[in-house]
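Below: one structure, written as structure tokens.
The values are calculated or read from the model by the stated rules, or taken from the named source; none is laboratory data. All figures in this text were calculated on a predicted structure; none of them were measured in a lab. Cβ coordinates were reconstructed from backbone atoms using ideal geometry, including for glycine residues, and neighbour counts include every protein chain displayed. Surface accessibility is based on the protein's heavy atoms, side chains included, excluding ligands, DNA and RNA. Shrake-Rupley method; radii C 1.70, N 1.55, O 1.52, S 1.80 Å.
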Amino acid sequence: MTNIIYLLIVLATVFALVYHDSPKQKDEMMNIQQENHRVRETAMINWPSFNDNSYIYILGLFLKQHTSMLITPEERAMFMSAILLSQKKNITLNGKQFAYRLEETNGHDIIDALDRTCLSITENQILGIVGPTSSYETKTLVHFCNRSGLPVLGYATTEPELSDRNVYQTFYRMSPSDTIMAAVLLKLFQKYDWNSTNIIYQSDSYGQGGLRALTEFFGDAIKISCVIKYDLFTDQIENFRHQLEESSSRIVLVWATSEITTNIIELAVKEGNILAPDFLWILTAANLRMQLNDKQLIGTLLIRSVSPQTFDMPINRTLLKDAIDIWKTYDPQSCHDDDKQIDTYALYAFDSAWMLILAFQELCQQTSTDCSSLVNTSYCFDSRLINRKELHNIMQTMDFLGVSGHIQFHGNTTDRIMHDGLYFLIDNLQLSKANKGELHVVEVLRFNDSTSNINYKSAAQWTESENAIQWPRDSNIVPLHYALLEGKTLNITVYISPPFYMEKFYNYSNGTYEIVQEGYIFDLILLLEQRMKFHRNITVAPIHTTYNELVNCVENRTYDIVMADLTKTANRLNQIDFSVSIYDNTMRMIVRKSTGRTTPIMAFLKPFHYSLWLSIFFVIYLFSAFIIAIFEFIDGKERSIAIDVDNLNINTPSVSDIYYKSKTETLFRSMYHTIGGLVQRGTELQARTSFSRFQTVLVWLMSVILVALFTSNMVQYFATEREKSWIQSIEDLKMCGKIGCNRIGITEQSHHADYFKKEVMNDIEINYYHLNHSLTSYTKLLDYHIDVAIVDSSSADYITQTDHCDIEMAGLPFGRTNFGVAIPKHWIYKDDLDKNLMDLRTGSAFDTLLIKWFQQKNCDREDEIKNNGFGDGLTLLQTRGLFILFSIFTTINIILFILKRSGFFNTENRQCLSNKIRECFRVPVSPLSDQSSIQHHNDLPNLSNNDQRMQQTTHEIVHSLSINNREQYRESESKPS
């Protein structure tokens, strides 16, 4: 027991030494606080004080200052300078000069702010209010002033909700609202291509309003990875370090007042490793005089609104000089030598007070009686401002040049009209070159938008100043907005699935063996490791693990990430995240190769539909032959040889080769001539008329186009026919219509099973053949346990060309999906992984991997070798119909030739010729008989060689008789009668 007591005493002593300051440290801290308080009290005592009813008062509500911080109250100094300047210029209201009354609020106690306001109203003649600083207090105070009519001018309130004139009727905002700040920040993120951020906000109306403004403006362009709340009551942030380290973004945006921002920075320094160099911090408000001696703050950006004079834009410099002179008179220690160093909110405080003074001055000029006063002040909620309507009309229409630029309002909104635009600066915390180890503030960026209308597409941009930015890690390299895997150890789980990941065992003669890792995924891991500079640790998942089990292991953090042929699906996205696509996939059906495919006997006619064949035959061929026959027959009949009996002249005009006295014979000749044009070879029969020739050209042009179409379609048809399987598409498997359900192999707990159940079986429970791994699909097919299986096209392309040449893919691809790296939800390195994967996809690396692993044709080359180098082209069986037709027409032609040679057709021809000759001898011979014989000769049909010799002999006989008859006729005519 004694030992225990002794141990407790020792622990208590150690605790006291560690966690309690020494009396000397306490005394030093107390002395510092007292000195700071004395300096500030001394400064305030120097300013005049007013506490009687001989003045018209303007109430100034300012944020309470902590005694532990040495901060110059610039806003108060400029506010009081405005009131004192009005006294110097002898501006009066109802014969009374203006005076100020100062009150402090803590920023989050609206009752206290309202109580101080009521107390001021009952004790002094308050006609206007400047402040408070807090938007939270301002909203309640303005609701009160809506009843009394007192104008409230906010010099530092920025919450967007306060812009509504219908709700906040007596409020006027001098400073830009949070929506402007959010828009300016958006432009900063665009400049450096930052797409995500963390936001730390203070838990009050100001912080929540800023968070809403950022969310609205950032939209989908900037992802808010993590929202962290600073508790104003406890001055703490719950799980501060853990929240930032688990966030995917490495940008920290602080939305808080300068005082709270200082507290947040102090908390971050204590936590460690959440400032530079791992994170980039952006502060929207900061006390530039805070202690800056920690290297973790290197690279921090401080954004602030500035007055137009910073950009050499017009302001009322006379008014500013007068105000500074008054400030120096009463508090020279806190006054700046350079007026550009005056805080912007101090300028807004001056313009707020000066606007009230000018408004009351103009009101007095418009009214002859009592300008304005506050009545019923004994109870502040009953107080009313005389001429309140006229006063607010003046304030909403007045326009003057103040120390912060042009001042103007209108009745639609409480926001000030920014005539000169918006002006912002960004300061950067950098290591001092003079004093190593100390930080100093350097201006690095400027923003000026003269339109006052900033949005995502506006042209206004941040521009660099003369000083370069010193980023975290003390470098000039712009940090990325996401966490990097560089230097980290990445545990990667892979899954054996050719060709994505494979392990091959090599046994050596000395008894040793080696396991070689290879595959598409393995090569991709090596590329990523080289680019991202992480250290890989590869683990192979058990062979019987299903795809859904892989997803579950990632969800419960059993596996860090999984790189495999894992498909993104809606259900899986509810459990985990995926990277960008690493392979674009489809599903295919695989079957055993068929050895007995049948081809239709008329397969060579398949490239054209039967309707097209009929159209070619009837429209192009028969119709053209018919109209050519008509053209030639009419023309030939008109050009037929006539016998001129009077002049005894023999006229032999040219006649078409197609024309014949018989219409049927002319048609047959025309058909023979047309088919020559259709096959693009021509015939010895030439058309005589231009109409027939034009029609022949049309037939020839049509044949050229049709031959080209027929050739291309024939190639496509036979190529498709050669690859066609007994199952054509996934539709053949619907409701097991073409094959039994128990003959269809589906991998269990995979996206194949989900697709088959939903799309093929319409969510009807069917007992298909269950496969425990996609690789078993091929063995079950060869063992005839199943007849068809659904697999990924990626694996099917590889395996059917390497390991299983007797299996082929059937039908067209279906179910387009893509594979991605399986990662946990909100994985902080997702952006880094996606960025590098996209760079590989846009480059040639992915194409090289695809060629290496998915374009192997080993089985196709083996088939070519088996076919003696001729490949698997068209066979005689596939074109047998063409040869059958050729044989039939050839046989008919031979039979006709034999019949002709046997004289089957000659007897009839000779009888016809002899009849024609006898008919010629019966007719009296005239002087034109020679011409008739010639015409008769031309009218004879085309005959064989024997018939042609007979025709020539007959022609000579007729010709000689015709000459003799002409001579006898002339002699008889010369004799006298």
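The antiparallel fraction among DSSP beta bridges confined to segment 485-567 stands at about 45%.
Segment 472-491 and segment 758-782 have Cα centres spaced 46 Å apart. One equal scatterer on each Cα of segment 808-859, no solvent, Debye formula: the resulting log10 I(q)/I(0) at q = 0.19, 0.24 Å⁻¹ is -0.91, -1.06. Summing +1 for each Lys or Arg and -1 for each Asp or Glu among the other residues whose beta-carbon sits under 9 angstrom from that of Gln517 gives -1. Amide H contacts of Leu253 (H built 1.01 Å from N, in plane; Pro and chain starts excluded): Asn198, Ile199, Ile200, Ile282 sit under 5 Å, all sequence-distant by 5 or more or on other chains. Residues whose amide H falls under 5 Å from that of Ile582, counting only those 5 or more places apart or on a different chain, are Phe819, Gly820, Val821, with hydrogens built in the peptide plane.
Applying the Karplus relation 6.51 cos²θ - 1.76 cosθ + 1.60 with θ = phi - 60° to segment 234-250 yields 3J(HN,Hα) values of 9, 6, 9, 10, 6, 6, 4, 5, 4, 5, 6, 5, 7, 7, 7, 9, 10 Hz, where x marks Gly and Pro.
Which value results for Rg/Rh of segment 696-811 when Rg is the Cα radius of gyration and Rh the Kirkwood radius based on the inverse mean 1/r?
My calculation puts Rg/Rh at 1.20.
Sorting the segments 385-393, 676-684, 233-241 by their mean number of nearby beta carbons within 10 angstrom, highest to lowest, gives 385-393, 676-684, 233-241. On a per residue basis, segment 398-506 carries 48 Å² of accessible surface, using protein heavy atoms and a 1.4 Å probe. Comparing Cα centroids, segment 71-148 and segment 297-376 end up 14 angstrom apart. Placing a label point 7 Å from the Cα of Arg147 along the Cα-to-Cβ line, the residues of segment 381-398 whose backbone N sits under 17 Å from it are 381-386.
Restricting things to Cα coordinates, could you compute the convex hull volume per residue of segment 462-599 in Å³?
So the per-residue Cα hull volume is 285 Å³.
Accessible surface calculations at 1.4 Å, restricted to protein heavy atoms, place segment 328-384 at 47 Å² per residue.
Here the Karplus relation 6.51 cos²θ - 1.76 cosθ + 1.60, evaluated at θ = phi - 60°, turns the backbone of segment 833-849 into coupling constants of 5, 4, 4, 6, 5, 5, 5, 5, 5, 6, x, 9, 5, 5, 4, 5, 5 Hz, with x for every Gly and Pro. The largest accessible area among Thr367, Thr329 belongs to the first residue in Thr329, Thr367, and the rest follow in falling order (1.4 Å probe, all chains).
Cross-link check: pairs Lys533/Lys830; Lys223/Lys830; Lys64/Lys295; Lys187/Lys830 evaluated at a Cα-Cα cut-off of 20 Å; pairs beyond the cut-off: Lys64/Lys295; Lys187/Lys830.
Would you mind getting me the FRET efficiency between Asp115 and Ala570? Use the beta-carbon distance for r and R0 = 45 Å, nearest 0.05. Once rounded, the FRET efficiency stands at 0.20. Each residue of segment 726-792 gets 82 Å³ once the volume of the Cα convex hull is shared out per residue. Summary value for segment 97-194: 21 percent relative contact order, contacts being C-alpha pairs under 8 angstrom separated by 6+ residues.
Computed over every Cα-Cα pair of segment 202-291 and binned at 10 Å starting from 0, the pair-distance distribution P(r) comes out as 15, 51, 31, 2 percent.
Ignoring ligands, DNA and RNA, please state the percent of accessible area on segment 441-578 from carbon and sulfur, probe 1.4 Å.
Heavy-atom surface of segment 441-578 belonging to carbon and sulfur, 1.4 Å probe: 48 percent.
Eigen-decomposition of the gyration tensor built on the alpha-carbon atoms of segment 94-250 gives equivalent ellipsoid semi-axes of 36, 18, 11 angstrom, largest listed first. Protein heavy-atom accessible surface, 1.4 Å probe, per residue over segment 151-217: 25 Å².
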